[in-house]
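These notes are about the structure you will find just below.
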Amino acid sequence: MSEVVSYELIDNIGVISVNNPPVNALAQVVREGIHTAIQSAQQDESEAIVLYCEGRTFIAGADITEFGKPPQEPGLPVVLGAIENSSKAVIAAIHGTALGGGFEVSLACHYRCAIPSAKVGLPEVKLGLLPGAGGTQRAPRIAGVKAALDMITSGNPVGASKALEMGLIDKVIDGSDLKAGALQYAKELVGADAPLRRIRDITIDPSTVEEGYFEAARKQLARRARGQIAQDKIVSCIEAAVELPMDQGLERERELFVELVTSPESAAMRHIFFAERLATKIKDLPKDTPTREINKVAIIGGGTMGGGIAMCFANVGIPVTMLEINDEALARGMGIIEKNYKITVQKGKLPEDQMASRIALINGTTNYEELNDVDLVIEAVFENLELKKEIFAKLDGVCKQGAILASNTSYQDIDQIAAATSRPQDVVGMHFFSPANVMKLLENVRGEKTADDVIATAMKIGKKIGKVCALSRVCYGFIGNRMLGGYGRESQMLLMDGCTPVQVDSALEKFGMAMGPLAMGDLAGLDVGYKARQARTDLPDDPKLYRMGTVLVEMGRHGQKTGSGFYQYDPETRRRMSDPEVEAMIKDEAAKIGVEQREISDEEIIARCLYPLINEGAKILEEGIAQRPSDIDVVYVFGYAFPVAKGGPMHYADQVGLKNVYDKICEYRDRDGEQYWQPAPLLEKLAKEGKTFAQWGREQEAS
Ligand code: 3H9
């Protein structure tokens with residue numbers, strides 16, 4: 001057939017096998033191979049056809065690398081048409097993950113069987129797309145409108161038994177020998193003279209859909225979509241599945257798919273898909289770098305952070321010992337963990353019995369000696385370098401040789417912490433984000449002396465506990481927090497210049513940030529930044545700088561925890577409300593220091609808050625703190641809720657144009673001063689050469 005698709009006749013069944021590692025994506029050769037195989041099977045003595053995949057999974061979707069390139073024949077709809085119109089029943093045999101175009105291939109088949117561990121789904125929405133090969137038309141025809149809409153707009157896969165319940169597949173094969181089971185099933189269908197079941201022949205009764213259902217779905221999805229445009233179009237497609245005949249529904253789907261696949265939102269989300277995977281690759285570490293076994297973990301500190309980290313390990317069945325200074329602190333820590341698990345159970349996301357088994361994996365101690373057999377320790381105490389050094393010296397004394405000693409510090413120097421031990425090669429940063437059991441990012445920090453296998457292990461264990469990992473070198477604040485400085489500063493400067501807090505936050509929330517910077521300050525506590533500023537000696541002596549943050553804290557308005565900060569908060573619901581008193585105060589403070597306020601556009605708000613991120617990102621690249629521009633995007637999307645549909649700050653900068661970013665920074669420098677705006681040399685260079693960060697990244701990767 002072709003290099004990646006083969007065809008053989010086994011007894012009376014034709015078997016098409018796809019073999020396109022790693023995930024059997026539907027590259028042109030695969031599409032062509034399946035198409036040819038289906039056609040030739042029509043001519044031989046086979047009585048049914050099984051579509052099977054070699055390797056770790058059934059087809060996991062279209063080949064994402066082909067999007068944005070000129071289309072190559074045959075297109076997927078043509079292949080699906082050939083399958084659906086086959087004169088002999090085609091049976092999809094599913095293992096691993098049948099996703100996107102892969103699941104759509106199976107929906108064009110007449111029957112679908114799967115092994116119990118298989119999953120099926122339509123995750124296109126996670127790439128800013130919709131299922132473009134009939135998924136939006138076929139799924140509601142067999143699973144019902146609501147189930148299909150939920151599945152396609154969430155993008156989440158379902159396991160084989162659930163898929164069977166939903167009508168998405170027809171049979172779960174007993175045991176793990178899929179090929180034998182599928183052959184057996186095909187023979188049974190032939191023996192029973194089973195009809196050619198084409199999903200296209202099913203019509204949906206419109207009266208089964210409540211009046212106003214689609215409008216309500218649109219509204220609900222718009223609230224959670226944050227700048228993403230695919231959800232709304234998915235609703236339109238499913239509406240078409242109800243209202244239009246199959247062919248017209250497919251046409252509508254194709255039209256909307258093409259709009260999405262050429263949109264900047266989908267390009268950004270595809271960028272993040274590949275960036276997430278690239279971030280796990282360490283430039284100077286071979287793929288086969290050995291890793292250390294992690295079977296038992298200790299966490300130092302049972303606060304919110306330590307508790308959240310402990311949950312991450314317990315969730316994947318790894319026993320954890322949590323160390324606190326006394327029994328009272330330990331009981332408090334265990335209480336927080338239990339409360340968090342209970343909330344998860346109440347939300348229906350965890351069965352109650354699993355909660356008990358996970359909690360049972362977390363043990364408390366106040367005695368360092370009990371850490372003598374753990375494979376990994378993560379210190380998560382408050383940000384005090386001396387205290388951290390003391391703890392690491394103690395760990396050095398009790399932990400077995402080869403144990404990895406990690407710090408969850410957000411700022412401190414990993415090399416100094418490592419120097420407090422006799423084994424700096426075993427010391428690494430593992431920076432989790434709060435709440436640690438929820439946030440996806442794990443920023444691993446490589447010290448000067450960290451051993452290769454320690455880095456490789458930190459990346460591997462991160463993946464195991466469900467995190468998206470990125471690697472940083474040592475600097476104050478590492479990649480993520482170091483970049484934040486200018487973002488917070490400008491959000492407050494804008495107030496002095498004439499904005500209200502609502503205006504600043506709304507502009508950034510419209511851009512797609514989950515929460516504007518001032519509301520975020522209120523959530524974190526304005527006193528935190530206030531105290532940190534007091535400890536710094538390097539800040540310019542400028543009355544404008546952080547003026548409102550300072551004034552509010554000195555009035556006792558520390559943010560949500562005191563019921564007011566930049567905003568007022570409803571004591572019951574915590575709903576944020578603008579505060580006329582703060583707005584008047586801002587005007588007064590600006591007048592006191594002689595700042596003339598003016599109208600400020602959303603465009604200026606976005607530029608002043610986001611361009612400092614980009615500029616610092618460029619410095620971080622030049623210094624080799626981040627491995628590549630796309631790693632910075634991964635940090636921001638998964639750790640700081642930067643909108644995925646914008647692709648992270650560096651991708652966004654490339655879209656705006658580096659020259660435009662550079663020119664604006666120069667304009668702000670000339671207006672507001674060099675102490676705040678100093679274009680990074682790399683940004684200046686690339687702007688002048690007309691290049692993008694992505695191009696620079698590729699050049700570096702190749703060199
Ligand atoms: C679609 O189907 C559109 C249609 O509706 C309409 C068409 C007309 N293409 O994730 P991993 C690479 S949209 C190309 O580390 P895992 C990946 O980059 C698609 N490459 O493995 C990585 O490369 P490398 C809908 C792909 O075991 C390697 O495979 N489908 C694709 O942790 C291993 O990946 C999806 O959105 C692809 N489709 O997870 C599914 N998929 O080794 C996307 C993967 O060089 N894929 N690669 O870094 C996944 O969710 C996961 O890869 C999967 C395996 C769960 C399958």
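The values are calculated or read from the model by the stated rules, or taken from the named source; none is laboratory data. Note that this is a predicted model, so its numbers are computed, not measured. When we count neighbours, we look across all protein chains shown, and the Cβ atoms used for this are built from the backbone with ideal geometry, even at glycine. With ligands, DNA and RNA removed, areas are computed over all heavy atoms of the protein, side chains included. Shrake-Rupley method; radii C 1.70, N 1.55, O 1.52, S 1.80 Å.
When the accessible area of the stretch 297-476 is split by element with a 1.4 Å probe, what percent falls to carbon and sulfur? Ligands and nucleic acids excluded, carbon and sulfur give 50 percent. For V445, the residues whose modelled amide H falls within less than 5 Å of its own, excluding neighbours fewer than 5 places apart on the same chain, are G429, M430, H431, S472. DSSP beta bridges confined to the stretch 5-261 are antiparallel in about 30 percent of cases. In this Cβ point-charge picture (+1 for Lys and Arg, -1 for Asp and Glu), the chain has a dipole of about 500 debye about its Cα centre.
With just the Cα atoms defining each centre, how far is the stretch 404-461 from the stretch 63-112? Give it in Å. Measuring centre to centre over Cα atoms gives 44 Å. Each residue of the stretch 217-222 was assigned a 3J(HN,Hα) from its phi angle through the Karplus curve 6.51 cos²θ - 1.76 cosθ + 1.60 (θ = phi - 60°); the sequence is 4, 4, 5, 5, 5, 4 Hz, with glycine and proline shown as x. Taken as Cα centroids, the stretch 532-548 and the stretch 586-646 sit 18 Å apart, rounded to the nearest whole angstrom.
Distance between the C-alpha centres of the stretch 21-39 and the stretch 310-340: 49 Å, rounded to the whole angstrom.
Measure off, as a whole percent, the carbon and sulfur share of the 1.4 Å-probe accessible area of the stretch 481-600, all protein chains present. Its accessible area is 51 percent carbon and sulfur atoms.
Each residue of the stretch 392-401 was assigned a 3J(HN,Hα) from its phi angle through the Karplus curve 6.51 cos²θ - 1.76 cosθ + 1.60 (θ = phi - 60°); the sequence is 5, 5, 5, 4, 4, x, 10, 6, 5, 4 Hz, with glycine and proline shown as x. Subtracting the Cα-Cα distance of T280 and I10 from their residue separation scaled by 0.36 nm leaves 93.0 nm. Of all DSSP bridge pairs formed entirely within the chain, close to 25 percent run antiparallel. The residues of the stretch 5-261 expose, per residue, 42 Å² of accessible area to a 1.4 Å probe. For the stretch 5-261, the share of accessible area belonging to carbon and sulfur comes to 51 percent (1.4 Å probe, ligands and nucleic acids excluded).
Excluding ligands, DNA and RNA, the accessible surface per residue across the stretch 297-476 is 41 Å² with a 1.4 Å probe.
Extending 7 Å from Cα along the Cβ direction at K347 and again at N85 yields two label points whose distance is 4.8 nm. Scalar couplings 3J(HN,Hα) for the stretch 2-7, obtained by applying the Karplus form with A = 6.51, B = -1.76, C = 1.60 to θ = phi - 60°, are 8, 4, 10, 10, 10, 9 Hz; x denotes Gly and Pro.
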